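A.B. asks: Before anything else, here's the structure in question.
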Amino acid sequence: MKQVRVALLTMLTSLFLAVLALPDAARGAGPDLIVFDGKVVTVDSGFTVHQAMAVESNHIVAVGRNEDIVKLKTDKTEMLALGGKMVLPGFFDSHVHSVDAAMVEFDHPIPEMETVQDVLNYFKGRAEVLEDGQWIVLQQVFITRLREQRYPTMAELDQVAPKNPVVFRTGPDASVNTLALKLSGIDKDFRVTDGGPGYIEKDPKTGEPTGILRSCTRYLKSRDSGRKATDRDRYERVLALFKDYSSVGITGIGDGDTSQEELDLYQQMLKKGDLPVRISAQYHVDTIGPIEQIEERIRKVAQHPLRQGGPMLRIIGVKVYLDGGMLTGSAYMSRPWGVSKTYAIDDPNYRGVLFIPKERLLPMVRTATECGLQFTAHTVGDGAVETLLDVYDEVNKTIPIRDVRHCITHSNFMSRESVEKAARLQVFPLIQPAWLYLDTRTLVGHFGYDRLRWFQPLKSLFEAGALPAGGSDHMQKMGSLRSNNPYDPFLAMWTAVTRRARWYEGQLHPEEALSREQVIRFYTVNCARALFQDKNVGSLEKGKLADFIVLDTNLLTCPADAIRNAKVLRTYVDGKLVFNR
Ligand SMILES: [Zn+2]
């Protein structure tokens, strides 16, 4: 019996060795697809450019010269002549909120709004459709992104929608009309009495509310007047969004604040074979309450079955919120923000809001590290970035953090010290050039050009040896350019290469502009590393999974402005064609 087993083992071993010895093309029945006569930018460590690539099933089996690859052709091989076109690894968006974004326009489309008049037109249109008395609530149109950089006034809102309560929200603040105030019981005698933050603005002469609510929108008695989405609606809309990601070459995402409900949806899509993007999930962890409970929540994420998920869907870590935002004047800065009417800052010493003090952040990061989970935090201001890096540094003294690949989500405002520290600790700044594109005008107006020296310091990060990973913070609407924030990788890459911005003359610190090679790494292999996908994808190398795109533009040689208008012709995920223009 024992002998039989040994003989069987020997046979199996030699069979296994024989298979290993076969050239790759002979391993299966030959390539299913050969792309040739192109510029296959591998984004390997030497940034090699080849002419051709062979794919079998979902793997890349060979990359090289035309003559070497084309001869691998068999009867079943599809041959795709590229006519000199560029092939890249599929792009990543390292920070999105896909489900929320997909559902924003479920009830009705929300047009782009660039001016106060656009906002008023929207309310007017809604008032015509809805019945009298129904609430109209517009969320997250930031006044810092409107041309006039101000709220619509109560009088303006009354005029366009006199019979509907109207709420225009920007971050924690809002502008509302007379009816909204009345229905919410807010008048000149109103006071915040629940112990929470906030106040209402009052006319200095009459003492009457102006309609501007600061950090107290919880007092509004607004009611949702839209349709309720079913599970099926949600499935279809998120799938439609993912297909749109495919159309701009995105083959992998970092889901930057995932809930269980969202994971359930992604799992359904995976099961049905519908999922066209790889998802690395950073699980949402609530940071309110006793620290022991928060540590317990983190440990629970480490036990989640999807920690052992596959290359299409997997939990990689946890996400918390460390500070406020730059659109609402609440990012936590190392120096005072400065007094501002737009941001409603009247305290000259105000530095923004740090939600988690260092002594609480430390045990959270330590617990995540101990559990082998990646930690990341929404971290916008330079004071917050410094805090997070200090904590990473502290934890690193007792438990090495390198392998768990901690991140800094946004990392917009940095300093030379932070750049160097991020490089030394091998922490990944997940940076969104869309913010630079949309917000430079407001930021320069407020902080002045010089104080923005270390705003998205991409070049310095690369030069210091850090690995910044590109993305958009897509949170609202579908459509790569009309969404908020726009998730078009070409707009982002153009921004990172030119440091140019909307409604802004000149460049924002062009010394931080990326080279073509760097910007491609920024949107491919760096993201793959940050999202624990580098073993599978991120570069076009033999043995990796076949996620790649064909472009109409050569991003290495085209004029800088042509980057912005580049188009994806084909997108492949796991060897399957998921988009064809
Ligand atoms: Zn986000």
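A.B. asks: Is it fair to say Ala368 is open to solvent by less than 20 Å² (accessible area, probe 1.4 Å), within 16 Å of the ligand (Cβ to nearest atom), under 22 Å from Ser94 (Cβ atoms) and of a type in the set (A, V, I, L, M)?
C.D. replies: For Ala368, the condition - open to solvent by less than 20 Å² (accessible area, probe 1.4 Å), within 16 Å of the ligand (Cβ to nearest atom), under 22 Å from Ser94 (Cβ atoms) and of a type in the set (A, V, I, L, M) - is not met.
A.B. asks: Among the residues of the range 273-291, write down those that are assigned to a loop (DSSP other than H, G, I, E, B) and surrounded by 12 or more Cβ atoms within 10 Å (Cβ to Cβ).
C.D. replies: Once the filter is applied, which keeps residues that are assigned to a loop (DSSP other than H, G, I, E, B) and surrounded by 12 or more Cβ atoms within 10 Å (Cβ to Cβ), the range 273-291 yields Asp274, Leu275, Pro276, Val277, Val285, Thr287.
A.B. asks: Right, another one. Can you run down the residue pairs with Cβ atoms below 9 Å, 6 or more apart or on separate chains, where the first is in the range 538-554 and touching a residue at least 40 places away in the same chain (Cβ under 8 Å) and the partner is of a type in the set (Asp, Glu) and part of a strand (DSSP E or B)?
C.D. replies: Ala546/Glu56
A.B. asks: Let me ask you something else. If the Cβ limit is 7 Å and pairs must be 6+ apart or interchain, which residue in the range 451-480 that is farther than 14 Å from Gln518 by Cα pairs with which residue that is of a type in the set (Ser, Thr, Tyr) and assigned to a loop (DSSP other than H, G, I, E, B)?
C.D. replies: Cβ pairs passing all conditions: Trp454/Ser415; Ser472/Tyr487; His474/Ser483; His474/Tyr487; Gln476/Ser483; Lys477/Ser483; Ser480/Tyr487.
A.B. asks: Moving on. Just to be sure, is Ser247 in contact (Cβ under 8 Å) with a residue 24 or more places away in the chain, surrounded by fewer than 23 Cβ atoms within 10 Å (Cβ to Cβ) and within 16 Å of the ligand (Cβ to nearest atom)?
C.D. replies: Judged against the criteria, Ser247 is not a match.
A.B. asks: In this structure, is Ile294 open to solvent by 50 Å² or more (accessible area, probe 1.4 Å), among the hydrophobic types (A, V, I, L, M, F, W, C) and under 25 Å from Pro197 (Cβ atoms)?
C.D. replies: no
A.B. asks: In the range 429-440, is there at least one residue being crowded, with 23+ Cβ neighbours inside 10 Å and in a loop (DSSP other than H, G, I, E, B)?
C.D. replies: Taking every residue of the range 429-440 in turn, at least one turns out to be crowded, with 23+ Cβ neighbours inside 10 Å and in a loop (DSSP other than H, G, I, E, B).
A.B. asks: Shifting gears a bit: Tell me, yes or no, whether the range 138-151 has at least one residue that is open to solvent by 30 Å² or more (accessible area, probe 1.4 Å) and outside any loop (DSSP other than H, G, I, E, B).
C.D. replies: no
A.B. asks: Residues that are of a type in the set (A, V, I, L, M) and open to solvent by 20 Å² or more (accessible area, probe 1.4 Å): which strands (runs of 3 or more DSSP E) entirely in the range 465-581 hold 1 or more of them?
C.D. replies: Counting at least 1 such residues, we get 568-573, 576-580.
A.B. asks: Restricting attention to the range 251-272, report how many residues are assigned to a strand (DSSP E or B) and either within 16 Å of the ligand (Cβ to nearest atom) or modelled with pLDDT under 95 (or both).
C.D. replies: Selection size over the range 251-272: 6.
A.B. asks: (1) surrounded by fewer than 20 Cβ atoms within 10 Å (Cβ to Cβ); (2) touching a residue at least 40 places away in the same chain (Cβ under 8 Å); (3) under 19 Å from Thr376 (Cα atoms): which one isn't true of Arg416, the others all being true?
C.D. replies: The number of the failed condition is (3).
A.B. asks: A further question on this structure: Does Thr387 satisfy being open to solvent by less than 50 Å² (accessible area, probe 1.4 Å) and on the phi < 0 side of the Ramachandran plot?
C.D. replies: In short, yes.
A.B. asks: Any idea which residue in the range 372-381 is nearest to the ligand (Cβ to nearest atom), counting only those that are under 25 Å from Trp454 (Cα atoms) and part of a loop (DSSP other than H, G, I, E, B)?
C.D. replies: Residue satisfying both the conditions and the ranking: Val380.
A.B. asks: When you scan the range 125-136, do you find a residue that is in contact (Cβ under 8 Å) with a residue 12 or more places away in the chain, more than 30 Å from Thr440 (Cα to Cα), open to solvent by 80 Å² or more (accessible area, probe 1.4 Å) and assigned to a helix (DSSP H, G or I), even just one?
C.D. replies: yes
A.B. asks: So, in the range 457-507, how many residues would count as being among the polar types (S, T, N, Q), within 16 Å of Asn412 (Cβ to Cβ) and within 16 Å of the ligand (Cβ to nearest atom)?
C.D. replies: Going through the range 457-507 one residue at a time, the tally reaches 2.
A.B. asks: Go through (1) in a helix (DSSP H, G or I); (2) farther than 14 Å from Cys407 by Cβ one by one and return the number of the condition Thr369 breaks.
C.D. replies: For Thr369, the exception is condition (2).
A.B. asks: So how many residues does the range 185-224 have that are among the small types (Gly, Ala, Ser) and open to solvent by 40 Å² or more (accessible area, probe 1.4 Å)?
C.D. replies: 4
A.B. asks: Further question: Which numbered condition trips up Gly325, out of (1) under 21 Å from Gly256 (Cα atoms); (2) touching a Ser or Thr at 6+ places or on another chain (Cβ under 9 Å)?
C.D. replies: Every condition holds for Gly325 apart from (2).
A.B. asks: Counting just the residues of the range 85-111 that are open to solvent by 30 Å² or more (accessible area, probe 1.4 Å) and more than 16 Å from the ligand (Cβ to nearest atom), which one comes out nearest to Gly538 (Cα to Cα)?
C.D. replies: Selected residue: Lys85.
A.B. asks: Taking Asp118 as the residue in question, decide whether it is touching a residue at least 40 places away in the same chain (Cβ under 8 Å) and charged (D, E, K, R).
C.D. replies: No, not satisfied.
The values are calculated or read from the model by the stated rules, or taken from the named source; none is laboratory data. Since we're looking at a predicted model, the values are computed, not measured. Positions of Cβ are generated from backbone atoms using ideal geometry, with glycine treated the same way; all protein chains shown enter the neighbour counts. Note: areas computed on protein heavy atoms with side chains; ligands, DNA, RNA excluded. Shrake-Rupley method; radii C 1.70, N 1.55, O 1.52, S 1.80 Å.
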